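No lab work stands behind these numbers, since they all come straight from the coordinates. All figures in this text were calculated on a predicted structure; none of them were measured in a lab. Counting neighbours? That spans all protein chains shown, and the Cβs are built from the backbone with ideal geometry, glycine included.
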Amino acid sequence: MQAALFPIREIIRDLPASRIAEVSAVGFGNPEIIPLWYGEGDLPTPDFISAAATAAMAAGETFYTYKAGLPELRATIGEYLSWLYGREIGAERVAVTSSGMTALMLVAQMLIDPGDNFVIVAPIWPNVAAAVTILGGEPRLVSLDPAPGGGWRLDPEKLFAACDSRTRAIFVNSPSNPTGWMISPDEIAALLAFARRRGLWLIADEVYARIVYGNRAAPSFLEQSEPEDRLIVANSFSKAWAMTGWRLGWLTLPPSLLPEIEKLVEFNTSGSPTFLQRAAIVAIRDGEDFVESFAARCRAGRDIAIEGLQACRRVSVARPDGAFYAFLRVEGLTDSVAFAKELLHTAKVGLAPGSAFGPMGEGWLRMCFARDTATVAEAVERLRAVLD
Ligand SMILES: Cc1ncc(COP(=O)(O)O)c(C=O)c1O
């Protein structure tokens with residue numbers, strides 16, 4: 001109680017706590033609940049990756065290191081992106097960060113003066129808007145539209161109309177958390193053309209680039225851009241390599257921004273742990289089989305989740321082409337936080353409330369299906385008993 005009286009920045013005091021955490025706090029650690037509220041799979045990091053970290057630590061790689069990341073890791077990421085997207089992407093465009101979240105925070109620190117805004121395609125993972133707010137900026141959420149036959153559609157004109165003289169960047173997360181929506185190559189071209197014309201930054205959050213069903217990777221802004229475009233792409237080791245707890249990510253940006261990012265890294269984390277970076281090199285070099293098998297596991301979970309949920313009379317849900325979430329609309333639902341808490345008792349399943357992803361998410365719930373199929377099937381069965 002007392003702490004609330006200390007003089008801290010008003011913006012921080014007013015920052016809402018995560019609504020996902022508000023729900024998970026009620027059921028956390030309860031073994032009767034199937035927890036599908038967070039965005040992570042159930043598989044531990046593959047042994048060959050963990051072993052590389054242990055070996056690097058044992059070899060004494062425990063010192064301060066390069067701010068933008070080990071040159072070997074930056075080169076490996078560059079080669080990986082070049083292979084994935086068929087375009088030459090050099091190490092001079094890559095900066096390693098201590099997580100995807102930190103990558104986004106560094107971008108916000110680099111671009112936002114108080115009063116600037118980011119125009120953000122929503123619904124969106126809440127941390128993006130929070131980063132903008134913390135810097136004194138305005139997160140301007142522009143909603144995707146419901147697509148005929150289910151799913152979501154981007155209206156680029158709506159996005160462009162939301163940009164004004166204080167807009168610094170358009171922010172797109174594709175594949176999307178929570179909707180699973182994926183931007184098309186044509187939409188990427190339209191956004192790039194608009195950003196070039198208006199001198200705006202484009203921030204692409206592509207942390208789910210490899211969690212796609214049908215292709216090796218989702219359409220990427222890196223496929224159509226030039227090195228000196230005002231484009232920054234955020235990525236992470238968390239999702240595709242099952243490394244959420246490692247806190248490692250990277251940014252792909254214009255080479256001229258590298259010294260700026262190095263300054264910011266210095267004053268935030270002073271660099272990512274060397275032994276983790278050594279393991280990240282191994283993850284990329286030897287991890288393709290794992291990445292593919294993880295996407296296949298997510299696909300099996302998706303099919304069970306969507307089929308089961310679509311059979312519930314009160315639920316509308318579309319089959320996502322990317323990311324690992326079912327985003328479901330529940331008929332008559334007006335308070336998704338209260339309902340998600342109720343579900344902990346009635347269904348014993350932990351879901352994220354849709355309102356966590358912006359006001360347009362009210363009436364919706366998010367379920368992570370990156371689990372073994374038996375767990376997903378059991379969760380769906382329990383939800384069906386309440387939602388049918
Ligand atoms: C859309 C999106 N961006 C970025 C992140 C950040 O991931 P991490 O900080 O684990 O690298 C997440 C994590 O859930 C996410 O969903």
Relative contact order computed over the chain (Cα-Cα under 8 Å; 6+ residues apart), in percent: 24
Dimensionless Rg ratio for region 140-229, taking C-alpha atoms and the 2.2 N^0.38 Å reference: 1.08
Shape category assigned to region 307-388 from the gyration tensor of Cα positions, a/c cut at 1.5: rounded
R0 of 25 Å, Cβ-Cβ distance residue 374-residue 289: FRET efficiency to nearest 0.05: 0.65
Cα extents of region 34-115 along the three principal axes, largest first (Å): 44, 40, 33
Three principal axis lengths of region 170-296 [C-alpha, angstrom, descending]: 42, 40, 24
Bridge type composition, region 96-231 - antiparallel percent by DSSP, nearest 5: 10
Gain on full stretching of the segment that runs from residue 92 to residue 381 - 0.36 nm per residue minus C-alpha separation: 99.1 nm
Residue 310/residue 262 FRET efficiency (R0 41 Å; Cβ-Cβ; nearest 0.05): 0.25
Helical contribution to [θ] at 222 nm, DSSP H n ≥ 4, -39,500 (n - 2.57), averaged over the chain, rounded to 500: -12500 deg cm²/dmol
Antiparallel DSSP beta bridges within the chain, as percent of all bridges there, nearest 5: 50
P(r) of region 1-142 over all Cα-Cα pairs, binned every 10 Å from zero, in whole percent: 9, 22, 30, 28, 10, 0
Kirkwood-Stokes translational diffusion coefficient of region 211-357, alpha-carbon pairs, 4 °C, 1.567 mPa s, µm²/s: 69
Size of electric dipole in the chain: Cβ of Lys, Arg +1 and of Asp, Glu -1, about Cα centre, debye, nearest 20: 400
Modelled FRET efficiency - R0 30 Å, residue 8 with residue 164, Cβ distances, 0.05 increments: 0.50
Total charge dipole magnitude, region 153-230, about the Cα centre, Cβ charges on Lys, Arg, Asp, Glu only, Debye to nearest 20: 160
Highest-first arrangement of 16-23, 167-174, 144-151, where packing means the average Cβ count within 10 Å: 167-174, 16-23, 144-151
Residue 223 versus residue 15: modelled label distance in nm, points set 7 Å from Cα along the beta carbon direction: 3.5
Whole-angstrom gap from region 28-43 to region 210-258, using each part's C-alpha centre: 27
Two-decimal ratio, the chain, of alpha-carbon radius of gyration to 2.2 N^0.38 Å: 0.97
Residue 319 paired with residue 147, simple spin-label distance in nm, labels 7 Å along Cα-to-beta-carbon: 1.2
For region 1-73: rounded, prolate or oblate by the Cα gyration tensor [a/c cutoff 1.5]: oblate
Simple label model, 7 Å out from Cα along Cβ direction - residue 59 to residue 47, nm: 2.0
